[in-house]
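Taking it in order: structure first as structure tokens, then the write-up.
The values are calculated or read from the model by the stated rules, or taken from the named source; none is laboratory data. Everything quoted here is computed from the prediction, not taken from an experiment. Reconstructed Cβ throughout: ideal geometry from the backbone, glycine too, with neighbour counts over all protein chains shown. Only protein heavy atoms, including side chains, enter the accessible area calculation; ligands, DNA and RNA are left aside. Shrake-Rupley method; radii C 1.70, N 1.55, O 1.52, S 1.80 Å.
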Amino acid sequence: MRKYIFNRLLQLIPILLGISIISFFVMHLAPGDPTALFIDPNIDPVELARVRANWGLDQPIYIQYFIWLKNAISLDFGRSYTTGLPVIVEIGERLPTTLLLMIPSFLLTLAITIPIGVISAVRKNSWFDHLFTFLSFAGMAIPTFWLGLMLMLLFSVQLHWLPAVGNLALPLITMTIGGLAGLTRYQRGAMLEVLNQEYIRVARAKGLSERAVIFKHALRNALLPTITIMGLSLPDLFGGAFIIETIFAWPGMGRLGVQAIFQRNYPTIMGIVMLSALLIIVGNLLADIAYAIVDPRIKYEKK
């Protein structure tokens with residue numbers, strides 16, 4: 001396992017390098033440059049040229065990339081064009097707020113998905129199964145941003161129970177519901193498949209209680225697809241955070257990223273892209289490790 005983890009960590013280098021190249025050059029494909037924010041009839045062209053030189057925008061794009069890469073290796077992602085603060089400081093101030101939203105959402109999704117999926121599978125074709133099948137398909141069909149706006153309309157505008165912006169409850173509920181829909185179906189399907197396996201029938205034939213069959217023999221194997229999907233859903237969580245934080249004015253990294261995109265704040269955009277990529281890759285690595293812990297048959301070491 002240690003060798004596997006070490007090899008996966010080594011793979012981070014080419015992956016992050018590839019992401020940085022694609023992101024940097026795609027970002028610069030848009031016409032114009034960030035100094036367009038300063039263009040007005042009164043600005044001195046000499047002053048504008050000085051700003052471009054200070055930001056390094058007067059250099060060829062590949063030179064700009066290598067300068068950025070050299071600094072990024074030492075975690076220096078440059079300074080924000082708008083605030084003048086180091087990007088790493090800005091992200092460090094916003095990241096805890098984003099994690100305060102994402103981690104509870106992730107844990108709540110996991111805590112709700114597994115029981116609902118298991119009960120739906122065990123009580124197949126019951127009213128419970130039909131109800132959550134309907135809710136799951138409805139949840140998959142509803143865009144997250146629309147759900148967030150409807151929750152804001154209901155709880156803030158109509159009922160006045162919660163403030164429309166700046167509170168944790170509404171974005172947390174929106175992200176959790178958005179994550180629940182698909183995962184519940186995966187968990188139900190995995191549990192149904194396991195319950196039809198030969199060893200489950202043998203366990204029942206031996207006279208084991210239904211509780212022991214489900215929780216001791218079936219559930220552990222049925223968790224494997226859910227763990228895989230949860231690992232793969234981390235990019236969706238980060239992508240959703242960009243939208244949800246913007247809708248609810250939640251002062252996290254996602255909102256900072258959206259503002260940076262509209263302001264063409266290249267250093268901040270690159271810093272957020274690279275940190276998001278790193279967190280997603282590490283999250284997938286943790287999912288692989290959890291996969292091996294849940295299923296001892298899975299070995300990552302070569303014999």
Exactly one condition in (1) under 30 Å from Pro14 (Cα atoms); (2) among the charged types (D, E, K, R); (3) more than 23 Å from the chain's Cα centre (by Cα); (4) part of a helix (DSSP H, G or I) is false for Asp129; which is it? (1)
When you look at Leu285, is it in a helix (DSSP H, G or I), of a type in the set (A, V, I, L, M) and either open to solvent by less than 30 Å² (accessible area, probe 1.4 Å) or free of Cβ contacts under 8 Å to residues at least 12 places away in the same chain (or both), yes or no? yes
Can you name the condition, by its number, that Gly231 falls short on among (1) open to solvent by 30 Å² or more (accessible area, probe 1.4 Å); (2) under 31 Å from the mean Cα position of the chain (by Cα)? (1)
Would a scan of segment 66-77 turn up a residue that is open to solvent by 50 Å² or more (accessible area, probe 1.4 Å), within 16 Å of Arg264 (Cβ to Cβ) and of a type outside the set (Asp, Glu)? no
Output the qualifying pairs, or none if there are none: Cβ atoms under 8 angstrom, residues six or more apart or on different chains, first residue in segment 256-270 and surrounded by fewer than 20 Cβ atoms within 10 Å (Cβ to Cβ), second residue among the acidic types (Asp, Glu) and assigned to a helix (DSSP H, G or I). Val258/Glu245
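One line per residue, one yes/no per condition, for (1) over 25 Å from Ala218 (Cβ atoms); (2) under 27 Å from the mean Cα position of the chain (by Cα); (3) part of a helix (DSSP H, G or I); (4) at pLDDT below 90:
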| position | (1), (2), (3), (4) |
| --- | --- |
| Tyr62 | yes, no, yes, no |
| Ile67 | yes, no, yes, no |
| Ile88 | yes, yes, yes, no |
| Thr98 | yes, yes, yes, yes |
| Met102 | yes, yes, yes, yes |
| Thr109 | no, yes, yes, yes |
| Ile116 | no, yes, yes, no |
| Lys124 | no, no, no, yes |
| Phe137 | no, yes, yes, yes |
Within the bounds of segment 207-220, is there any residue that is closer than 30 Å to Ile280 by Cα and surrounded by 15 or more Cβ atoms within 10 Å (Cβ to Cβ)? yes
